[in-house]
Amino acid sequence: MKQFFSAIGRLVRQFPRTHLLLSMVLLGGVILIALRPDDPGSEPAATTVKALDLPARPAAKTTPNPADKPQPPAAPAWQTLTVQAGDSLSSLLQPLGVGAGQVYALINSDEKLKRLTRLRPDETLEVIVNDSGSLTAVRYHPSRVETLTAKLTGGGWTVRLSQREYQKQTRFAQADITDSLFLAGAAAGISDKLTMQLANLFAWDVDFVLDIRKGDRFRILYEELYLDGEKVGEGDILMAEFWNQGRHLTAFRYETLSGDVEYLDIKGDSMRKAFIRTPVAFSRISSRFNLGRRHPVLNTIRAHRGTDYAAPTGTPVRAAGDGKVIFAGVKGGYGNVVIIKHGQIYTTLYAHMRNFAKGIRVGKRVKQSQTIGYVGTSGLSTGPHLHYEFRINGVHRNPQTVPLPKARGVNDNERAEFLIAANRLKAQMTLFAEAATLASSNVF
């Protein structure tokens with residue numbers, strides 16, 4: 001043992017002093033660790049733990065489940081009703097629980113809704129009726145371009161009439177008259193409706209019963225109407241020319257600054273006179289104005305102070321001009337008679353009618369071309385016809401030859417604009433006519 005400690009001493013003396021001190025410190029630490037009691041029951045040294053105040057963590061957001069939300073009740077859906085023969089608005093709505101009182105309130109809430117009283121078979125009507133059987137909305141299509149919508153609000157029915165715009169294309173037609181205007185129109189490929197529009201344009205200058213001759217001709221520019229690429233009809237005549245017994249008549253469609261539509265001649269004067277020549281459309285003259293005519297029933301010489309138009313019983317009789325009815329009743333051999341006063345100096349008389357149009361009575365104001373009665377054979381008459389008289393200051397004048405006063409034309413302040421529009425239409429007409437001539441001569 002002595003030798004062991006002696007060897008240790010020699011070894012220690014070989015190290016520097018600082019190394020020895022460091023080694024002693026380390027050795028002491030090892031001895032302390034080795035001597036630490038391992039008894040689990042021994043108490044550890046007291047330790048102070050300081051709590052840290054950390055910011056609160058925000059609560060996680062939870063997304064509500066839509067199924068957990070209270071859902072509003074579904075709005076009543078539109079129902080489509082199809083009109084059958086004999087149906088009325090009331091009969092269509094009755095199976096849905098809508099009473100007559102609701103229908104009455106709807107129809108009388110707005111003038112536009114009166115159209116619902118004139119439903120036609122195969123038309124459709126869309127309605128909303130709530131669970132309590134109350135009618136709350138109506139949608140109706142009077143035509144392919146119109147939609148009439150009514151909705152019930154707290155203040156009553158709110159009504160709106162909307163209209164789709166047609167797509168329009170300009171077309172050209174012309175024809176020579178060899179027999180009748182309608183046959184010529186059919187040969188030109190235009191409808192009877194457009195032919196009638198043409199006749200009405202020139203009705204103040206041409207008697208289409210008396211004045212038409214073989215060799216007369218016409219040409220027109222008009223609109224064709226399209227919806228969604230499909231032709232649905234014909235629109236207005238834009239310009240028309242008519243050659244009649246050497247006369248060349250021209251009419252231009254023009255919309256004034258005030259929004260009125262007029263047909264004017266090249267000077268800007270209205271094609272519409274104060275009167276139309278013929279109060280019965282496309283009849284024939286059976287007896288002319290003749291102060292020395294022999295009466296066909298009485299067989300005596302009696303002046304015929306008017307013109308007789310033979311036409312089938314029931315043919316509508318039109319007012320020759322705007323005015324007021326001053327007589328409507330039976331007048332001796334004239335039978336059923338209507339007399340209209342136009343302004344201060346003109347009166348027209350219509351006799352031998354079967355009956356009067358609804359509402360025609362003394363004091364009633366009528367518009368030009370309004371139906372006032374129907375052709376008949378009342379009074380001293382040998383067959384159905386209209387006897388028509390035209391008087392100026394009480395003096396009978398020949399309805400076929402009396403000069404008719406002009407209606408008002410375009411205002412002076414827009415005459416220049418009208419002339420520009422008219423000349424543009426003339427240029428279009430010329431181009432179409434030249435193209436038609438080339439096509440007919442097989443140039444293409």
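Cβ-Cβ distances below 6 Å connect the following pairs, each with a first residue in segment 164-176 that is of a type in the set (Asp, Glu), a second residue that is open to solvent by 80 Å² or more (accessible area, probe 1.4 Å), and a separation of six or more residues or different chains: Asp176/Arg217. When the residues of segment 109-118 are filtered to those that are part of a loop (DSSP other than H, G, I, E, B) and in contact (Cβ under 8 Å) with a residue 40 or more places away in the chain, the one that is farthest from the chain's Cα centre (by Cα) is Ser109.
State whether one or more residues within segment 281-288 are in a strand (DSSP E or B), among the basic types (Lys, Arg) and touching a Ser or Thr at 6+ places or on another chain (Cβ under 9 Å). It would help to see each step written out before you state the result.
Within segment 281-288, the subset in a strand (DSSP E or B) is 284-287.
Next, from what is left, pick out any that are among the basic types (Lys, Arg): 284.
After this cut, where a residue has to be touching a Ser or Thr at 6+ places or on another chain (Cβ under 9 Å) as well, the list is none.
No, every residue in segment 281-288 fails to be in a strand (DSSP E or B), among the basic types (Lys, Arg) and touching a Ser or Thr at 6+ places or on another chain (Cβ under 9 Å).
Taking Ser369, is it small (Gly, Ala, Ser) and over 26 Å from Phe202 (Cβ atoms)? Give the derivation first.
Values: small (Gly, Ala, Ser): yes; over 26 Å from Phe202 (Cβ atoms): no.
So Ser369 fails the test.
For segment 251-276, how many residues are under 22 Å from Gly215 (Cα atoms) and open to solvent by 30 Å² or more (accessible area, probe 1.4 Å)? Total satisfying the criteria: 0. Figure legend. Inter-residue proximity from segment 411-435: first residues aromatic (Phe, Trp, Tyr), second residues open to solvent by less than 80 Å² (accessible area, probe 1.4 Å) and not in a helix (DSSP H, G or I), beta-carbon distance below 8 Å, spacing 6+ or different chains. Indicated pairs: Phe418/Phe252; Phe418/Tyr254; Phe418/Leu264; Phe418/Gly268; Phe418/Val410; Phe432/Phe172; Phe432/Leu221. Checking each residue in segment 286-319 for being out of contact with any Leu (no Cβ under 9 Å at 6 or more places or on another chain) and either among the acidic types (Asp, Glu) or at pLDDT 90 or above (or both) picks out Pro312, Thr313, Gly314, Pro316, Arg318, Ala319.
Go through segment 362-392 and give me each residue that's among the hydroxyl-bearing types (Ser, Thr, Tyr) and either open to solvent by 40 Å² or more (accessible area, probe 1.4 Å) or part of a loop (DSSP other than H, G, I, E, B) (or both). Give the steps one after another, and end with the answer.
Step one: of segment 362-392, the residues among the hydroxyl-bearing types (Ser, Thr, Tyr) are 369, 371, 374, 377-378, 381-382, 388.
Within segment 362-392, Ser369, Thr371, Tyr374, Thr377, Ser378, Ser381, Thr382 meet the criteria.
Picking from residues in segment 393-435 that are part of a loop (DSSP other than H, G, I, E, B) and of a type in the set (Gly, Ala, Ser), the one that is most open to solvent (accessible area, probe 1.4 Å) is Gly394.
Residues of segment 187-209 being aromatic (Phe, Trp, Tyr), within 22 Å of Ala422 (Cα to Cα) and either open to solvent by 30 Å² or more (accessible area, probe 1.4 Å) or over 30 Å from the mean Cα position of the chain (by Cα) (or both), which ones?
Trp204 - this is the single residue of segment 187-209 that is aromatic (Phe, Trp, Tyr), within 22 Å of Ala422 (Cα to Cα) and either open to solvent by 30 Å² or more (accessible area, probe 1.4 Å) or over 30 Å from the mean Cα position of the chain (by Cα) (or both).
If you check Val138 against the conditions, is it out of contact with any Asp or Glu (no Cβ under 8 Å at 6 or more places or on another chain) and open to solvent by less than 40 Å² (accessible area, probe 1.4 Å)? Here the answer is no, as Val138 does not meet what is asked.
Does Lys231 fit the bill of being outside any strand (DSSP E or B) and at pLDDT 90 or above? Show your work before the answer.
Numbers: outside any strand (DSSP E or B): no; at pLDDT 90 or above: yes.
So Lys231 fails the test.
Scanning segment 210-248 for residues that are under 16 Å from the mean Cα position of the chain (by Cα) and among the β-branched types (Val, Ile, Thr) yields a single hit, Val232. Suppose we keep only residues that are part of a strand (DSSP E or B) and over 19 Å from Asn398 (Cα atoms) within segment 338-361. Which one would you say is least open to solvent (accessible area, probe 1.4 Å)? Only one residue tops the list, namely Met353.
Sub-6 Å Cβ pairs linking a first residue in segment 140-152 that is closer than 17 Å to Leu89 by Cα to a second residue that is open to solvent by 40 Å² or more (accessible area, probe 1.4 Å) and among the hydrophobic types (A, V, I, L, M, F, W, C), at least 6 apart or interchain, are Leu148/Leu161; Ala150/Trp157, ordered by first then second residue.
The values are calculated or read from the model by the stated rules, or taken from the named source; none is laboratory data. As the structure is a prediction and not an experimental result, all values here were calculated from the model. Using ideal geometry, Cβ is built from the backbone for each residue, glycine included, and neighbour counts are taken over all protein chains shown. Ligands, DNA and RNA are excluded from the accessible area calculation, which covers all protein heavy atoms including side chains. Shrake-Rupley method; radii C 1.70, N 1.55, O 1.52, S 1.80 Å.
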